[in-house]
Ligand SMILES: [Zn+2]
Ligand SMILES: [Zn+2]
């Protein structure tokens, strides 16, 4: 948890640097996917989330701090912060988002699922890459509870598929465990949901997924109209990413 005065300064810094182009994710039945908050045309789930549901015990709950729009500043930020030569400004924005998201809404799944969060993990790159992922570096400074270290498979046929063998952990989780799994970007959700299944294999009772950004392509479906509809709504760190309104 951040010290209150520091938290207030961080919120002000995030809103002044990126509030003008970041948007809160929208939770609205049949307007956005009930799982991943991408725009949907009257359906409960988007096509990828609906097709993943055959895999059984996926994430208990999923939340997104913002959208990353391809070709827009939000998209550049989510790519630039982890570029080979990272863009410092982008790294600062992602770090502020993740720190505020964790400190303000990291324990909201306790109330949603009636079980306190006990562990945390991040989704590694797939296939595995050497060195520490910048997102892991950001989260490890701020997350509370025990880490469940996840390792990505060295070779995968279809990295976008939902497959529990894409990730593994040597940890064994206790019966009442609740893992907060964090990721930087969600495109179709295969990476995060595969990591959820790997955590289930390790014994996780509950898994809540907190993602910084839902990746959105402007030219897909009604996305342009959706983005236009939310274009005047500057980012507000107080809005709970799990509910789209107040914290549970
Ligand atoms: Zn979805
Ligand atoms: Zn909250």
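Data for the structure
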| quantity | calculated |
| --- | --- |
| Inverse mean reciprocal Cα-Cα distance (Kirkwood Rh) of the chain, Å | 18.1 Å |
| Distance (nanometres) between label positions extended 7 Å along Cα→Cβ at residue 72 and residue 57 | 3.7 nm |
| Cα gyration tensor category, rounded, prolate or oblate, for the stretch 65-208 with a/c compared to 1.5 | oblate |
| Top of 191, 52, 166 by mean-square fluctuation, Gaussian network on the chain, Cα under 10 Å | 52 |
| Mean ellipticity per residue at 222 nm, deg cm²/dmol - from DSSP H runs of n ≥ 4 across the chain, formula -39500 (n - 2.57) | -9500 deg cm²/dmol |
| Label point distance in nm, residue 8-residue 114, each placed 7 Å from Cα along Cα→Cβ | 3.7 nm |
| Relative contact order of the chain, defined on C-alpha pairs under 8 angstrom at six or more residues apart (%) | 27 percent |
| Burial order of peptide ranges 152-160, 41-49, 23-31, 192-200 (average beta-carbon count within 10 Å, highest first) | 192-200, 23-31, 41-49, 152-160 |
| Chain lengthening between residue 245 and residue 217 when straightened (0.36 nm per residue, less Cα-Cα) | 7.6 nm |
| DSSP bridge pairs, the chain: antiparallel proportion in percent, nearest 5 | 10 percent |
| Contour excess over end-to-end distance, with Cα ends at residue 224 and residue 165 and 0.36 nm allotted per residue | 17.6 nm |
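Throughout, read-outs are computed from the coordinates displayed, never taken from laboratory work. Keep in mind the model is a prediction, meaning the values are calculated, not measured. When we count neighbours, we look across all protein chains shown, and the Cβ atoms used for this are built from the backbone with ideal geometry, even at glycine.
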